[in-house]
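Q: First the structure, then my questions, so here it is.
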Amino acid sequence: MDIIVCVKQVLDHDIPPRDFKVDEEAMAVIPPSNVSPVISNFDEYAVEEAIKLKEAHGGTITVLTAGGDSARDLLKKCMAMGCDEAVLLQDTAFEGSDSFGVARILAGAIRKIGAFDIILCGRISSDWSQGTTALALAEALDIPSASQLIKIDVNGDTLRCERVLEDGEEVVEISTPCLLTTSNELNTPRLPSVKGILMASRKQIPIWAAGDIGVDAATVGAGAATLELTRLYKPDLSTQCEFIEADSLEEAADKLGDRLREDKII
Amino acid sequence: MILAERNNDRLALVSSELSGIGRKLADEKGGSLIALLLGGSGTKDLAKGLIALGADKVLAAESDILEGYNNAAYTEVIDSAVGETDPAIFLLGCTSAGRDLGPRIAFRRGMSYANDCSELSLEEGKLAAVRSVYGGNALSYVRSRTDKAMTSIRMKAFPPADIEEGRTGELGEIEVTIEAGALKTSFIETRQVEAEGVRLEDAEYVVSGGRGLGGPENFEQLAKLAKVLKAAVGASRAAVDAGWVPTHMQVGQTGKIVSPTLYIAVGISGAMQHMVGAGPSKNILAINTDPDAPIFQRARYGIVGDYRKVIPALTEKLAKLLES
Ligand SMILES: Cc1cc2nc3c(=O)[nH]c(=O)nc-3n(C[C@H](O)[C@H](O)[C@H](O)COP(=O)(O)OP(=O)(O)OC[C@H]3O[C@@H](n4cnc5c(N)ncnc54)[C@H](O)[C@@H]3O)c2cc1C
Ligand SMILES: Nc1ncnc2c1ncn2[C@@H]1O[C@H](COP(=O)(O)O)[C@@H](O)[C@H]1O
């Protein structure tokens, strides 16, 4: 079972809201100097699921990312977790791509790789939350897709998957090759092992540019983007909190009850 | 054009929300509003209700193959409707079905696509949208660069359309000719979770627990308080990930959006991704041992301390107050 995982490098989502800063002029987020970028949260579940599928059914796992040089670190991390190969997709022509542009880049790389059974992606990225790239990629490759999965069972050439819904789950069957997106209920991502880190450090990561993957530069990058960003800012959502204090917490709770009644909230 | 949705034997709330904003944009643009509804038996009948919500024309696709959501079948039917009517704007809900369909169809049709939008307007004839990004830390304004635009709308961000009995419109049908055998995805079953008591989305009071609760059994304490308040019980993703409570209780960006009169956050730090779901609440009460927890910056009331002491006392007090 050959698997391709698409991962995106993002700003660490765990930074406290007060450290999150935006340059409104440049319409860009200013990353705090002391935090390194991470793998987009849901993509970690995609990597983990790929490794579990490989452990059960064999095959190779190739990780792809379209991004800057620093994205090498996260590809190394994926290999340290247990992925076999990684490719960095990089070209000045790719800069400023929207989700559809990224989908075309990924599709080009996957066509170059050739045969595969499953593509795994995250359901939504932690930074721009487009929730678009993965399903557009399935469309670009003309393969079936199933999104926000919490369970994947292999049954020969078909997979039985469970999708998480607002109020329950949905069971679907899908034939391979296909694209699947992961939700956090699917698994618990592992940490890279020391041995894995050593192995990964010896691996090469090739760079593929537009020409290598047959991507027409006019269909990607800022020029081809279908959406234009016109403003980016950090909203001030803070409220004045009234801290209820008393000699004991029980008394504070009592006071709070009275306050809620006074303010006609209960 | 809007993609309405069914919720068993009714039109789902998102259908009214889509009708409201769809009607507004159609009027501004000087166009008409077409509402699409797909499903198994009963769909044609239900679709008629979309006219009272503001649609000029309804297109119903009723077929056994659409009984239960199936990405391949739904994509084909919607794509053919888009091909035939060539709408300038296509709106769908940021629901499990909408999120699954939008990107594929927009990509195929060369439309721009903006996900989970909380405001929509027209700027120089182009669709413009407001979206929260970076887990809710920032707001982005985007504008379509293509003439045709698709967006999914955030739940609860748009007021539902009023029902106007007696409104007239055209009823149309889409003939579904897909063969199940030709599809690469198939629907097997849905397992619906019936909320015990009040549904989170509709609740006037919500009591939510996070990692700070320390274990599944401690949700019992929240359940007692919820019972007194007739509240729904919610959770943070950390509590869901720990396996303490089921997924459908999750509040937040990838969970539910709630808008109660009072949201009681217990042992929840107040990460932005959680606040995306809790933010629409009219008042937030936070109980947390850490005075620097970001939740206090979003709360109207706060108690700094161990919930194990606060919750039982608060439960008792509120029970007394509500009796009198
Ligand atoms: C793409 C993405 C989507 C996400 N979507 C969601 C989502 O939809 N919903 C969601 O909730 N999260 C979501 N998250 C996760 C989110 O970023 C946080 O990790 C999560 O909300 C943290 O949950 P928590 O507040 O329960 O845990 P923590 O952040 O660990 O906070 C626990 C709190 O409990 C307090 N505490 C400890 N002991 C006690 C005690 N005895 N009494 C009182 N207080 C105590 C602590 O001081 C602390 O503030 C998402 C993340 C990503 C990257
Ligand atoms: N630059 C990228 N490189 C590789 N994969 C990506 C990239 N951007 C998005 N993806 C994949 O698409 C998913 C959804 O991203 P998004 O559409 O941005 O929400 C991510 O979780 C990744 O799996």
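The values are calculated or read from the model by the stated rules, or taken from the named source; none is laboratory data. What you are looking at is a predicted structure, and each value in this text was computed from that prediction instead of being measured. Cβ sites come from the backbone with ideal geometry, for glycine too, and all protein chains shown count toward neighbours. All accessible areas refer to the heavy atoms of the entire protein, side chains included, with ligands and DNA or RNA removed. Shrake-Rupley method; radii C 1.70, N 1.55, O 1.52, S 1.80 Å.
Q: Over 26 Å from residue A:40 (Cα atoms) and either among the acidic types (Asp, Glu) or open to solvent by less than 50 Å² (accessible area, probe 1.4 Å) (or both), is that true of residue B:130?
A: no
Q: Restricting the search to segment A:17-49, which residues are near ligand 1 (Cβ under 10 Å from one of its atoms) and part of a loop (DSSP other than H, G, I, E, B)?
A: A:40
Q: Consider residue B:199 carefully, then state whether it is under 27 Å from the mean Cα position of the chain (by Cα), charged (D, E, K, R) and either closer than 18 Å to residue B:226 by Cβ or modelled with pLDDT of 95 or more (or both).
A: Taking the combined requirement at face value, the residue satisfies it.
Q: Let me ask you something else. Name every residue in segment A:221-250 that is surrounded by 15 or more Cβ atoms within 10 Å (Cβ to Cβ) and more than 7 Å from chain B (Cβ to nearest Cβ), in order of residue number.
A: A:221, A:224
Q: Looking at segment A:65-150, what helices (runs of 4 or more DSSP H) fall wholly within it and have at least 1 residues that are within 14 Å of chain B (Cβ to nearest Cβ)?
A: A:99-113, A:133-141
Q: Still on this structure, I have one more. Return the total of residues in segment B:280-304 being of a type in the set (Ser, Thr, Tyr) and more than 7 Å from chain A (Cβ to nearest Cβ).
A: So the answer is 2.
Q: Next up: Please verify whether residue A:75 is near ligand 2 (Cβ under 8 Å from one of its atoms), on the phi < 0 side of the Ramachandran plot and under 16 Å from the mean Cα position of the chain (by Cα), treating the condition exactly as stated.
A: No: the conditions fail for residue A:75.
Q: So which residues in segment B:299-320 are in a loop (DSSP other than H, G, I, E, B) and surrounded by fewer than 24 Cβ atoms within 10 Å (Cβ to Cβ)?
A: B:300, B:305, B:306
Q: Now for a different question. Would you check if residue B:190 is in contact with a strand residue (DSSP E or B) (Cβ under 9 Å, 6 or more places away or on another chain), open to solvent by 50 Å² or more (accessible area, probe 1.4 Å) and in contact (Cβ under 8 Å) with a residue 60 or more places away in the chain?
A: So residue B:190 fits the description; yes.
Q: Then there is this: Please work out which residue is nearest to residue B:68 (Cα to Cα), limiting yourself to segment A:152-181 and to residues that are touching a helix residue (DSSP H, G or I) at 6+ places or on another chain (Cβ under 8 Å), in a strand (DSSP E or B) and without any contact (Cβ under 8 Å) to a residue 12 or more places away in the chain.
A: A:170
Q: Does any residue of segment A:184-203 turn out to be within 16 Å of ligand 2 (Cβ to nearest atom) and within 30 Å of residue B:144 (Cβ to Cβ)?
A: No: zero hits.
Q: Let me spell it out: the conditions are (1) open to solvent by 20 Å² or more (accessible area, probe 1.4 Å); (2) in contact (Cβ under 8 Å) with a residue 24 or more places away in the chain; (3) farther than 27 Å from residue A:175 by Cβ, and residue B:55 meets all of them except one. Which number is the exception?
A: The number of the failed condition is (1).
Q: Here is a follow-up. If you take the residues of segment A:174-197 that are of a type in the set (Gly, Ala, Ser) and in contact with a strand residue (DSSP E or B) (Cβ under 8 Å, 6 or more places away or on another chain), which of them is nearest to the other protein chains (Cβ to nearest Cβ)?
A: Across segment A:174-197, the extreme among qualifying residues is A:175.
Q: Looking at segment B:85-180, what strands (runs of 3 or more DSSP E) fall wholly within it and have at least 2 residues that are closer than 19 Å to residue A:139 by Cβ and within 16 Å of ligand 2 (Cβ to nearest atom)?
A: B:112-123, B:149-153
Q: In segment A:90-120, how many are within 16 Å of the chain's Cα centre (by Cα) and either over 22 Å from residue B:110 (Cβ atoms) or at pLDDT below 95 (or both)?
A: Within segment A:90-120, residues that are within 16 Å of the chain's Cα centre (by Cα) and either over 22 Å from residue B:110 (Cβ atoms) or at pLDDT below 95 (or both) number 2.
Q: Right, something else. Please go through segment A:168-184 and give me each residue that is open to solvent by 30 Å² or more (accessible area, probe 1.4 Å) and out of contact with any Lys or Arg (no Cβ under 8 Å at 6 or more places or on another chain), ordered by number.
A: Hits for segment A:168-184 are A:176, A:177.
Q: Does residue A:24 count as modelled with pLDDT of 95 or more, open to solvent by 60 Å² or more (accessible area, probe 1.4 Å) and of a type in the set (Asp, Glu)?
A: Against the criterion (modelled with pLDDT of 95 or more, open to solvent by 60 Å² or more (accessible area, probe 1.4 Å) and of a type in the set (Asp, Glu)), residue A:24 qualifies.
Q: Can you spot a residue in segment B:196-218 that is away from every other protein chain (no Cβ under 11 Å) and polar (S, T, N, Q)?
A: yes
Q: Out of all the residues in segment A:185-220, which are open to solvent by less than 80 Å² (accessible area, probe 1.4 Å) and under 30 Å from residue B:279 (Cα atoms)?
A: A:185, A:186, A:187, A:189
Q: Among the aliphatic types (A, V, I, L, M), at the interface with chain B (Cβ under 9 Å from one of its Cβ atoms) and assigned to a helix (DSSP H, G or I): which single residue out of A:200, A:253 fits that description?
A: The conditions single out A:253.
Q: Please tell me if residue A:4 is under 23 Å from residue A:198 (Cβ atoms), crowded, with 20+ Cβ neighbours inside 10 Å and within 15 Å of ligand 2 (Cβ to nearest atom).
A: Here the answer is no, as residue A:4 does not meet what is asked.
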